[in-house]
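The values are calculated or read from the model by the stated rules, or taken from the named source; none is laboratory data. Since the structure is predicted, the reported quantities are computational estimates derived from the model, not experimental observations. As a convention, Cβ positions derive from the backbone with ideal geometry for all residues, glycine included, and neighbour counts pool all protein chains shown.
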Amino acid sequence: METFNLFNGETDDVPAGAPGDRGRAARVGSKLRAARLGMSVYDLPPGEAIGPYHFEWTDEEWLIALAGKVAFRGPEGEQTLEPGDVVCFPTGPAGAHQVRNAGDTPARAAIVSSQNEFGIVEYPEEEKVAIWAGGTYYKIDHPPGRP
């Protein structure tokens, strides 16, 4: 079986436009050939975030702080985590979040998520919704007239 070390496993440049694209990431779920759970490990430069503020309609996510000053903003404000801290982002608006490096040195965080064949993520501040199916990702503006 394949293994990956959460603390020092190698990460790769993130393609432009993908979550965490100003840092590096390892798609651990893919590396381990996982089918029902996903995990990505992110190395974030100071001040950088893993994508915009968002929430998932279909997948629960867990954030694990591994090194540095990992912070997240949720519906109730911002919280800084210590290495080893874990937080769960449930599906729906109650799980809205943005993860970032709040320090002046590199930070490392892992995000674990359930995996569904179809997914829906909402970006409330951008007024966009994204869907994916069969490995294809589409990001669209909210329909006209939607609050």
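Annotation: of all residues in region 20-35 being assigned to a loop (DSSP other than H, G, I, E, B) and either at pLDDT below 90 or within 12 Å of the chain's Cα centre (by Cα) (or both), the one that is nearest to residue 100 (Cα to Cα) is 20. Within region 101-109, can one find any residue that is in contact with a Phe, Trp or Tyr (Cβ under 7 Å, 6 or more places away or on another chain) and surrounded by fewer than 19 Cβ atoms within 10 Å (Cβ to Cβ)? There is no residue in region 101-109 that is in contact with a Phe, Trp or Tyr (Cβ under 7 Å, 6 or more places away or on another chain) and surrounded by fewer than 19 Cβ atoms within 10 Å (Cβ to Cβ).
Looking at residue 22, is it free of Cβ contacts under 8 Å to residues at least 40 places away in the same chain, touching a Pro at 6+ places or on another chain (Cβ under 9 Å) and not aliphatic (A, V, I, L, M)?
Values: free of Cβ contacts under 8 Å to residues at least 40 places away in the same chain: yes; touching a Pro at 6+ places or on another chain (Cβ under 9 Å): yes; not aliphatic (A, V, I, L, M): yes.
Judged against the criteria, residue 22 is a match.
Can you find a residue in region 58-69 that is without any contact (Cβ under 8 Å) to a residue 40 or more places away in the chain and either surrounded by fewer than 20 Cβ atoms within 10 Å (Cβ to Cβ) or outside any loop (DSSP other than H, G, I, E, B) (or both)? Break it down stepwise before answering.
Let us first name the residues in region 58-69 that are without any contact (Cβ under 8 Å) to a residue 40 or more places away in the chain, namely 69.
Next, from what is left, pick out any that are either surrounded by fewer than 20 Cβ atoms within 10 Å (Cβ to Cβ) or outside any loop (DSSP other than H, G, I, E, B) (or both): 69.
So far as region 58-69 goes, yes, one or more of its residues are without any contact (Cβ under 8 Å) to a residue 40 or more places away in the chain and either surrounded by fewer than 20 Cβ atoms within 10 Å (Cβ to Cβ) or outside any loop (DSSP other than H, G, I, E, B) (or both).
With respect to the conditions (1) at pLDDT below 95; (2) crowded, with 16+ Cβ neighbours inside 10 Å; (3) closer than 27 Å to residue 69 by Cα, residue 119 falls short on a single one, namely (3).
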